[in-house]
Amino acid sequence: DKAILTSRVIDRPIRPLFPKDMRNDVSVVCTVMSVDPDCSPEIAAMVGTSAALSISDIPWKGPISGVSVGYVDGEYVINPTAEQREKSQMAVTVASTDKLIAMIEAGANEVSDEVMYNGIMAGHEANQKIIEFIKGMQAEIGKAKFEYPSNEPDPEMLAAVMEFATEDVKLALDTDDKTVRDERLKPIYEKVHEHFDPIYPECEAKIDECMYKTQKNVVRRWLLDEQKRVDGRAMDQMRPLAAEVGLLPRVHGSGMFTRGQTQVITAATLGPVSDQQLLDGIDGEEFKRYMHQYNFPSYSVGETRPSRGPGRREIGHGALAERALLPVIPPVEEFPYAIRVVSEVLSSNGSTSQGSICGSTLALMDAGVPIKAPVAGISCGLIQDDDGSFTTFIDIQGVEDFHGEMDFKVAGTKAGITAIQMDLKNDGLTHEIIKEALEITKDARYAILDEVMLPCISAPRSEVSKYAPKMLTMKIDPDKIREVIGKGGSVIQKITAESGATVDIEDDGTIHIASPNAEACDAAKKMIDTIVFVPQVGELYYGKVVRILQFGAFVELAPGKDGMVHISKLADHRVEKVEDVVNIGDMIWVKVTEIDDKGRVNLSYKDAVKEIKAKKA
């Protein structure tokens with residue numbers, strides 16, 4: 001997953017800079033030979049990619065540069081160290097050309113729009129030094145770019161197809177139903193090919209390219225000239241929204257979010273902390289306690305493609321949604337569960353990743369996970385003209401994403417941004433476009449929360465599902481861990497077998513106990529309490545007399561933990577025989593008077609009786 005996500009981050013800023021009419025395959029391979037934890041290999045790989053493409057003979061409109069931006073103690077840090085990343089309020093990757101911002105990938109701990117915007121600008125500024133360095137390499141050792149045959153349709157063909165098909169395309173696109181739009185376009189393609197195939201033989205692919213450009217031109221002109229969208233919405237208007245929770249009766253939590261024809265259902269599952277995922281990668285070993293997966297089955301877009309596991313897109317969307325919700329997940333001390341959510345896209349027409357963020361928030365709240373605040377996500381589109389004029393619009397659907405310049409996804413709470421992902425088809429964005437995109441997505445996020453999600457479920461449920469495992473957390477002296485585990489794990493295995501509960505022990509002495517029923521948790525806790533029990537001097541205990549010798553009685557304070565009451569400590573008067581005061585099986589109060597250097601516990605029956613009488617008086 002790490003390699004795939006890194007590849008996506010590098011691919012997104014470099015792809016739009018290749019000539020649109022070049023059909024040669026280009027393969028970029030980034031190989032990590034060694035890792036310095038303070039220097040992200042992802043950033044090194046992005047800069048290396050830019051340098052390699054710049055000095056090669058491959059036509060490419062670079063260079064670009066990428067940096068990571070942190071926010072530590074109120075200051076922006078470029079390419080923060082591992083220690084700084086731990087304390088940073090955000091992790092933003094910014095890629096730039098020498099003029100524009102080409103890519104943004106961000107995770108943040110509910111930072112404001114202003115903090116995020118200024119961080120992006122700081123990254124863009126830092127990129128310029130690296131770009132100048134790569135330009136120096138290019139001037140010194142760069143190869144001349146190779147010539148290639150253009151696959152662009154000639155202007156005459158394009159003009160003819162556009163004149164022939166534009167009015168029909170307008171009628172076909174003018175609907176809010178993706179299926180209807182696709183059905184309307186099929187006969188237009190057939191009509192165009194019937195007319196132009198004889199005129200331009202062996203140019204079927206170029207005629208299809210002309211049809212694509214015709215559709216793109218219709219959508220662009222509507223948006224730029226008429227402020228008109230294919231489904232009739234205003235630029236700042238979202239499609240109809242809906243939210244439901246508790247749809248799946250057996251899972252621990254479920255939520256479904258609908259926006260137009262985009263619909264996502266998420267199931268949340270809670271497990272013991274031991275279910276967390278161990279990640280052993282090039283950055284070191286870490287545990288993932290909150291896991292989010294995203295599935296995009298072919299039926300969601302009306303296709304029959306078989307499922308072969310998640311692809312690059314699914315892994316990327318799942319990681320984006322995970323990043324968006326991670327800042328609101330409660331720490332393990334407050335909620336001792338491993339949490340897994342799986343988002344299933346039921347129907348897709350634009351920005352399913354943001355739908356999965358909303359659906360996952362609903363599912364977590366339905367599962368009783370005490371998240372810090374609900375998170376909503378929305379996407380913003382862009383159409384830009386050749387003269388630099390542009391228009392942004394909220395909640396893009398598929399056709400607007402396909403023919404537009406940008407998919408700017410922003411997720412967050414009412415307090416601030418938690419994640420950003422920006423995909424572009426043009427060379428980059430101006431500062432003005434980024435600022436406007438942040439503003440309109442903020443208003444949309446608030447609307448989704450206030451109008452749909454919070455009316456559906458206003459707060460996390462007070463209790464977890466009856467089907468979720470019950471959890472107990474306790475803390476013991478770390479020196480006692482060995483006793484609880486036992487030789488070869490014998491003791492902890494016995495606890496698990498006899499109680500029916502799962503027991504996880506951390507190095508600091510924290511113990512998480514999980515079971516489908518609370519009784520099993522209580523039984524396991526009682527067994528552990530017994531093992532780690534240490535009597536305290538001065539405390540009173542109620543125990544059973546288990547053994548009598550001539551000089552005193554032994555009292556069981558806890559299973560396997562005895563103390564001795566010397567005959568002189570049984571009463572205020574002289575006792576001739578221990579049995580005159582106590583007998584085996586008696587339950588008596590005793591007070592711990594001493595624990596000697598060998599760990600032996602000395603008790604007093606008479607002191608305990610005296611203290612109890614004083615308290616009653």
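The values are calculated or read from the model by the stated rules, or taken from the named source; none is laboratory data. On a predicted model such as this, the values are computed, not experimentally measured, just so you know. Because the Cβ atoms are built from the backbone with ideal geometry, glycine has one as well, and the counts that use them run over all protein chains shown. Ligands, DNA and RNA are excluded from the accessible area calculation, which covers all protein heavy atoms including side chains. Shrake-Rupley method; radii C 1.70, N 1.55, O 1.52, S 1.80 Å.
Please work out which residue is farthest from G309 (Cα to Cα), limiting yourself to region 1-41 and to residues that are out of contact with any helix residue (DSSP H, G or I) (no Cβ under 8 Å at 6 or more places or on another chain), assigned to a helix (DSSP H, G or I) and without any contact (Cβ under 8 Å) to a residue 40 or more places away in the chain. Once the filter is applied, the top-ranked residue is R15.
Before we move on, is E322 over 19 Å from K425 (Cα atoms), among the acidic types (D, E), modelled with pLDDT of 90 or more and surrounded by 22 or more Cβ atoms within 10 Å (Cβ to Cβ)?
yes
In region 339-352, what residues are crowded, with 23+ Cβ neighbours inside 10 Å and touching a Lys or Arg at 6+ places or on another chain (Cβ under 9 Å)? Hits for region 339-352 are I339, N349, G350, S351. Filtered by the rule that a residue be under 16 Å from F393 (Cβ atoms) and open to solvent by less than 60 Å² (accessible area, probe 1.4 Å), region 412-435 gives M422, D423, L424, N426, L429, I433, I434. Scanning region 78-101 finds no residues that are open to solvent by less than 20 Å² (accessible area, probe 1.4 Å), in a loop (DSSP other than H, G, I, E, B) and among the aliphatic types (A, V, I, L, M).
If only residues of region 119-176 that are farther than 30 Å from V94 by Cα, without any contact (Cβ under 8 Å) to a residue 12 or more places away in the chain and outside any loop (DSSP other than H, G, I, E, B) are counted, the one that is farthest from the chain's Cα centre (by Cα) is E156.
The lone criterion from (1) under 22 Å from M137 (Cβ atoms); (2) modelled with pLDDT under 95; (3) surrounded by fewer than 19 Cβ atoms within 10 Å (Cβ to Cβ); (4) small (G, A, S) left unmet by S40 is number (3).
Of everything in region 249-273 that's polar (S, T, N, Q) and more than 19 Å from the chain's Cα centre (by Cα), which residue is surrounded by the most Cβ atoms within 10 Å (Cβ to Cβ)? That would be T262. Considering region 6-41, the residues that are of a type in the set (G, A, S) and more than 24 Å from V69 (Cβ to Cβ) include one that is farthest from the chain's Cα centre (by Cα), namely S27.
State whether one or more residues within region 43-62 are of a type in the set (S, T, N, Q) and closer than 22 Å to E285 by Cα. Within region 43-62 (the criterion being of a type in the set (S, T, N, Q) and closer than 22 Å to E285 by Cα), the answer is no, since none of the residues qualifies.
Put simply, of K470, K466 the only residue that is free of Cβ contacts under 8 Å to residues at least 40 places away in the same chain, under 30 Å from A501 (Cα atoms) and not β-branched (V, I, T) is K466.
Within region 389-422, the set of residues being in contact (Cβ under 8 Å) with a residue 40 or more places away in the chain and assigned to a loop (DSSP other than H, G, I, E, B) comprises S389, D395, I396, Q397, G404, T413, K414, A415, G416.
Comparison of G48, G66, G70, G62 shows that the only residue that is closer than 27 Å to M121 by Cα, open to solvent by less than 70 Å² (accessible area, probe 1.4 Å) and either at pLDDT below 95 or among the basic types (K, R) (or both) is G62. Return the only residue of E303, E286 being more than 25 Å from A444 (Cβ to Cβ), part of a loop (DSSP other than H, G, I, E, B) and acidic (D, E). From the options E303, E286, the qualifying one is E303.
List the number of the failed condition for D174; all other conditions in (1) touching a strand residue (DSSP E or B) at 6+ places or on another chain (Cβ under 8 Å); (2) over 30 Å from A419 (Cα atoms) hold. Failing condition for D174: (1). Quick one: would you say L241 is in contact (Cβ under 8 Å) with a residue 60 or more places away in the chain, surrounded by fewer than 20 Cβ atoms within 10 Å (Cβ to Cβ) and of a type in the set (A, V, I, L, M, F, W, C)? Yes.
A single member of L171, L185 is open to solvent by 70 Å² or more (accessible area, probe 1.4 Å) and either more than 18 Å from D21 (Cα to Cα) or basic (K, R) (or both), and it is L171.
All conditions in (1) within 23 Å of T258 (Cα to Cα); (2) open to solvent by 60 Å² or more (accessible area, probe 1.4 Å) hold for V180, with the sole exception of (2). Out of all the residues in region 188-211, which are surrounded by fewer than 12 Cβ atoms within 10 Å (Cβ to Cβ) and in a helix (DSSP H, G or I)? Of everything in region 188-211, those that are surrounded by fewer than 12 Cβ atoms within 10 Å (Cβ to Cβ) and in a helix (DSSP H, G or I) turn out to be E190, E194, A205. Scanning region 84-117 for residues that are touching a residue at least 12 places away in the same chain (Cβ under 8 Å) and charged (D, E, K, R) yields R85, K87, D98, K99, E105, E110, D113.
Taken together, A45, A52 contain a single residue that is touching a Cys at 6+ places or on another chain (Cβ under 6 Å) and in a helix (DSSP H, G or I), which is A45.
I want to confirm something. Restricting to region 511-560 and keeping residues that are hydroxyl-bearing (S, T, Y), open to solvent by less than 60 Å² (accessible area, probe 1.4 Å) and more than 19 Å from L270 (Cα to Cα), which single residue is modelled with the lowest pLDDT?
The extreme case among them is T530.
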